[in-house]
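Derivation of every value follows stated rules applied to the coordinates shown; laboratory data play no part. Here the structure is a predicted model, which means the values were calculated and not measured. Cβ sites come from the backbone with ideal geometry, for glycine too, and all protein chains shown count toward neighbours.
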Amino acid sequence: MPLDSPIRVLLVDDNETVRRGLSILLEAYDDLALAGEADDGESAIALCAQVHADVIIMDVMMPGMSGIQAARLISDQHPHLKIILLSTFLDTELLLEARQSGALAYLPKSLPPGKLIETIRAAFDA
């Protein structure tokens, strides 16, 4: 998939180890680039205007503002941004809330890395 510039991804997770792992994963692909990192929903909202990301990968459960709450606000303020929510908890209620928040996908954190990369690329093309 040749692009003029890489897909810029903003990572949002309160767990630094998760963010670092996702960052390392992105580095392995020429068509993806890390646009920035945030450790909570409030910081993610502030960064959206600064880093010009294409796709956001965001944890659902974070202290303070949840990923779903942040996704709602980001979708309203930056409708062009594609949001992928990740969670260790996959239940019907959270899935429904994720869809209503404007997120394009709600995925398990246990998803194989290749599937996450496919989802990022598909979100960018959506």
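A few remarks follow.
- Residue order, fewest to most surrounding Cβ atoms within 10 angstrom, among Val9, Val18: Val18, Val9
- Rounded D (µm²/s) - the chain, Kirkwood Rh over Cα pairs, Stokes-Einstein at 10 °C, 1.306 mPa s: 112 µm²/s
- Exposure proxy order (Cβ contacts within 10 Å, fewest to most) of Glu97, Glu118, Glu42: Glu118, Glu42, Glu97
- Extension gain, His52-Asp31: 0.36 nm per intervening residue step, less the Cα-Cα distance, totals 6.0 nm.
- Each residue of the stretch 40-55 was assigned a 3J(HN,Hα) from its phi angle through the Karplus expression (A = 6.51, B = -1.76, C = 1.60, θ = phi - 60°), giving 7, x, 4, 5, 4, 4, 5, 5, 3, 6, 9, 9, 6, 6, 9, 9 Hz with x at Gly and Pro.
- When each of Lys109, Lys115 is scored by the number of other beta-carbon atoms lying within 10 Å, the sequence from fewest to most is Lys115, Lys109.
- Table column - 3J(HN,Hα) (Hz), the stretch 33-38, Karplus curve with 6.51, -1.76, 1.60, x for Gly and Pro: 9, 6, 8, x, 9, 9
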